[in-house]
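Structure first, commentary second.
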Amino acid sequence: MNLLDQTKPILRRKQKDLYCQEYQSLVSLYLKIAGKTIYSGFYSCLDQVCLIWGLIVSAIFVTAQFAPISWTTQAIAWSILTVAGTLSMMILTHFWVKQRQLNWILYTWVILMVGGVTVTDCSIFFGWGFILTNLSHLWLGLCSLGYMITGLGLNSRALLLVGSGHLLGIFILPHVIGWQFLATAMIMVLSLLVLAETQWDINVSQTSKDFH
C-alpha cells in the first residue's frame with residue numbers, strides 16, 4: 001500500500017469509461033426543462049450511498065437545529081432513518097465489497113452507525129447529559145473514524161482527507177455555539193456531495209472470484 005502514490009489524482013471529474021470498469025453498473029440521472037438538459041450525471045453504488053446519507057444527515061441535523069420537536073420524537077425518527085440508511089448501504093455496496101474482499105469495511109460502517117444511534121438514543125432516554133451536549137462531536141468523530149478506516153482499506157487519500165476534515169470539524173464546534181447541528185450538517189453533507197459528484201482515488205482491484 002502506498003498512500004503517497006501520485007499516479008491518480010485525489011479528486012477529478014468522473015470519466016465514464018473508467019467508472020464502468022470500476023463499478024460495472026451505473027445509475028444515470030438527467031434533469032430536463034423544456035426539452036433542454038439542465039443536469040446529467042452518473043452514479044456508482046458508492047455515489048448512491050453518499051447521496052442517501054446526505055439526505056438523511058440533512059433531515060436529522062437540520063431538524064435538530066430548527067424544528068421544535070421533542071428529543072424523544074427525534075430519537076425515534078433518527079433511529080428509523082439511520083437503520084434505513086444502513087440497510088440501503090448494505091444492499092447497494094454488498095456486491096462491490098464482496099468482489100474485492102472488503103466486507104470488513106462495510107461491517108465497520110454498520111457497527112459505527114448502529115453504535116452511534118444506540119448511544120444517541122440512550123443519552124436521550126436516560127438523560128446522559130454529557131453525550132446530549134456533545135452529539136455533534138460524537139457523530140463527527142464516528143464518521144471521521146469510518147472515513148479513515150475506509151481510506152486505509154481503499155488506499156484512498158480523498159477519504160483520509162475527508163476523515164481529517166470531520167476531525168477538524170470537532171475543534172470548530174466550540175466556536176459555533178448554538179449552531180452546532182447546522183455546522184455538523186454542513187461538514188458532513190458537503191463531504192458526501194463532493195464524494196458523490198467526483199471520481200476519487202481508489203487503489204484496490206477485483207478478486208479473481210466470479211460472482212455473476
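Since every read-out is calculated from the coordinates, none of them should be taken as a lab result. Everything numeric here is computed off the predicted structure, so don't read it as measured data.
Nearest 10 degrees, 0 to 90: what angle lies between the long axis of helix 157-172 and the longest principal axis of the chain (Cα atoms)?
Relative to the chain, helix 157-172 is tipped by roughly 10 degrees.
Compute the angle between helix 103-125 and the longest alpha-carbon principal axis of the chain, please, reported from 0 to 90 degrees and rounded to the nearest 10.
10
Within the chain, how many Lys pairs sit with Cα atoms under 28 Å apart, leaving out pairs fewer than 8 places apart on the same chain?
So the count works out to 12.
Rg to Rh for the chain: what is it, with Cα atoms only and Rh by Kirkwood?
When Rh is taken as the Kirkwood radius, the ratio is 0.99.
Under the rule of -39500 (n - 2.57) per DSSP H run of 4 or more residues, summed and divided by the residues of the chain, what mean residue ellipticity at 222 nm is obtained, to the nearest 500 deg cm²/dmol?
-22000 deg cm²/dmol
By how many degrees, between 0 and 90 and to the nearest 10, does the Cα long axis of helix 135-153 differ from the longest principal axis of the chain?
The answer is roughly 20 degrees.
Remind me, relative contact order of the chain in percent, using alpha carbon pairs under 8 angstrom and six or more residues apart?
31
Rounded to the nearest Å, what's the spacing between the alpha carbon centres of the range 41-85 and the range 96-127? Just the number, please.
15
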